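Inspection log for the structure reproduced underneath, given as structure tokens.
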Amino acid sequence: MQDLAGKTAVVTGAASGMGLAFAETFADEGMNVVMADVEAGPLQIEADRLAETADVLALTVDVSSLEAVHDMFDATVDRFGAAHVLCNNAGVGGGGPVAECSVDMWEWVLGVDLWGVIYGCKTFLPHMLAQNEGHIINTASVAGQLCFTNMAPYNVAKFGVVALSETIAEETTGTDVGVSCLCPGFVATKIADSARNLPEDIAVKIPERSEEEEVIREAVLEAFSTQKPPAEVAELVINAIRDNQFWIFTDQVFQGRMAERHDGIIAGTDRPILGELWNIFSESTTG
Ligand SMILES: NC(=O)c1ccc[n+]([C@@H]2O[C@H](COP(=O)([O-])OP(=O)(O)OC[C@H]3O[C@@H](n4cnc5c(N)ncnc54)[C@H](O)[C@@H]3O)[C@@H](O)[C@H]2O)c1
């Protein structure tokens, strides 16, 4: 899809981080923008700001509800007549080790990070196929390529998003509907503060860490804010829409481990032990 001006983009998780950067970039391109998020307050503030230069519709949506995603689709078509770009971006970090993670936690993370993406694709893809024009960007993660310790639901959800995206790529071959799978590494957003999005009724068991581990983690959280700016990822996304490019990686930190994993699969031998994501982050920031 080359001409974006005048077309309509729908972005979930648009109140913060990468989703907000996508919405800003689409607005700069002259697109109509539907900004959807579960956090109504921050969403309205950002939507009002973007509405000064673009046609914006702000919708409070919980993507883990099929009904809410259907309503988002209906509101988009009512307002703008069609949807051309869908960013299934809303997501939460969370989880814990498999042996300890509560079922509530599994359901919350899978509900937002996997079912939210499935509902988005299921609802918007038939419309895009019928008009034979559209592009879906599904946000997975490097955790959709590599499994880290202590984040089981997140790993499972993001591997699911990769599988869903690859399947859509197969099934849309020969049409003018494209799909991209975004696998960010470390991007400076509020993802490490996903607990703010936790529904009140969910029992959470935070994994126990030693004092030393906790100090490292705190430092890492602080260093997170110095990572890749979301606006740079938005540029990669725009290019992927224009070039119909499937994979979008934001950095090279994980490529070696991905190659090791694939070598192990092909040889049918073993997999690399990765530990916690924070350790890799620490390594990458300290060189
Ligand atoms: N930041 C990173 O380094 C990184 C790395 C890999 C993948 N990701 C993925 O990128 C995506 C965007 O996250 P981000 O990093 O910008 O974090 P963020 O926390 O800044 O933004 C996430 C947005 O999703 C919204 N959200 C949460 N639950 C929702 C729900 N049920 N329905 C609708 N909206 C909901 C939040 O309110 C927030 O505005 C997520 O899918 C995340 O898993 C981020």
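How about the stretch 20-32: which of its residues are more than 18 Å from Asn239 (Cβ to Cβ) and either within 15 Å of the ligand (Cβ to nearest atom) or among the aliphatic types (A, V, I, L, M) (or both)?
Leu20
Please give the number of the condition Gly95 fails out of (1) buried (at least 23 other Cβ atoms within 10 Å of the Cβ); (2) at pLDDT 95 or above.
It is condition (2) that Gly95 fails.
All but one of (1) crowded, with 24+ Cβ neighbours inside 10 Å; (2) without any contact (Cβ under 8 Å) to a residue 40 or more places away in the chain hold for Val162, so report the exception by its number.
(1)
Quick grid of which residues meet (1) within 15 Å of the ligand (Cβ to nearest atom); (2) within 24 Å of Ser225 (Cβ to Cβ); (3) free of Cβ contacts under 8 Å to residues at least 60 places away in the same chain:
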| position | (1), (2), (3) |
| --- | --- |
| Val11 | yes, yes, no |
| Ser16 | yes, yes, no |
| Val38 | yes, yes, no |
| Leu59 | yes, no, yes |
| Ser64 | yes, no, yes |
| Val69 | yes, no, yes |
| Leu86 | yes, no, no |
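With respect to the numbered conditions (1) in contact (Cβ under 8 Å) with a residue 60 or more places away in the chain; (2) touching a Gly at 6+ places or on another chain (Cβ under 6 Å); (3) surrounded by 24 or more Cβ atoms within 10 Å (Cβ to Cβ), which one is the sole condition not fulfilled by Cys181?
Going through the list (1) in contact (Cβ under 8 Å) with a residue 60 or more places away in the chain; (2) touching a Gly at 6+ places or on another chain (Cβ under 6 Å); (3) surrounded by 24 or more Cβ atoms within 10 Å (Cβ to Cβ), Cys181 breaks only (2).
Looking for something buried (at least 20 other Cβ atoms within 10 Å of the Cβ) and among the hydroxyl-bearing types (Ser, Thr, Tyr) - is there at least one such residue anywhere in the stretch 101-122?
Yes: the stretch 101-122 contains one or more residues that are buried (at least 20 other Cβ atoms within 10 Å of the Cβ) and among the hydroxyl-bearing types (Ser, Thr, Tyr).
Look at Ser141 and say whether it is more than 18 Å from Ser65 (Cα to Cα), among the hydroxyl-bearing types (Ser, Thr, Tyr) and buried (at least 24 other Cβ atoms within 10 Å of the Cβ).
Against the criterion (more than 18 Å from Ser65 (Cα to Cα), among the hydroxyl-bearing types (Ser, Thr, Tyr) and buried (at least 24 other Cβ atoms within 10 Å of the Cβ)), Ser141 qualifies.
Being out of contact with any strand residue (DSSP E or B) (no Cβ under 7 Å at 6 or more places or on another chain) and crowded, with 24+ Cβ neighbours inside 10 Å is the filter here; which residues of the stretch 65-91 pass it?
Matches in the stretch 65-91: Val69 only.
Got at least one residue in the stretch 146-155 being of a type in the set (A, V, I, L, M), in contact (Cβ under 8 Å) with a residue 60 or more places away in the chain and in contact with a Leu (Cβ under 8 Å, 6 or more places away or on another chain)?
yes
Take Gly95 and tell me if it is touching a residue at least 40 places away in the same chain (Cβ under 8 Å), touching a Cys at 6+ places or on another chain (Cβ under 8 Å) and of a type outside the set (S, T, N, Q).
Yes: the conditions hold for Gly95.
Hey, can you tell me all the residues within the stretch 136-177 that are touching a Ser or Thr at 6+ places or on another chain (Cβ under 8 Å) and aliphatic (A, V, I, L, M)?
If the condition is that a residue be touching a Ser or Thr at 6+ places or on another chain (Cβ under 8 Å) and aliphatic (A, V, I, L, M), then Ile136, Ile137, Ala140, Val161 are the ones that fit.
With the structure loaded, tell me whether Phe73 is aromatic (Phe, Trp, Tyr) and more than 10 Å from the ligand (Cβ to nearest atom) or whether it fails that test.
Yes.
Among the residues of the stretch 66-87, count how many are aliphatic (A, V, I, L, M) and out of contact with any helix residue (DSSP H, G or I) (no Cβ under 9 Å at 6 or more places or on another chain).
Filtering the stretch 66-87 for residues aliphatic (A, V, I, L, M) gives 66, 68-69, 72, 75, 77, 82-83, 85-86.
Right, trim to out of contact with any helix residue (DSSP H, G or I) (no Cβ under 9 Å at 6 or more places or on another chain) and you get 75.
The qualifying residues number 1.
The values are calculated or read from the model by the stated rules, or taken from the named source; none is laboratory data. What you see is a predicted model, and the numbers here were worked out from it, not measured in a lab. Here Cβ is always computed from backbone atoms with ideal geometry, including for glycine, and neighbour counts include all displayed protein chains.
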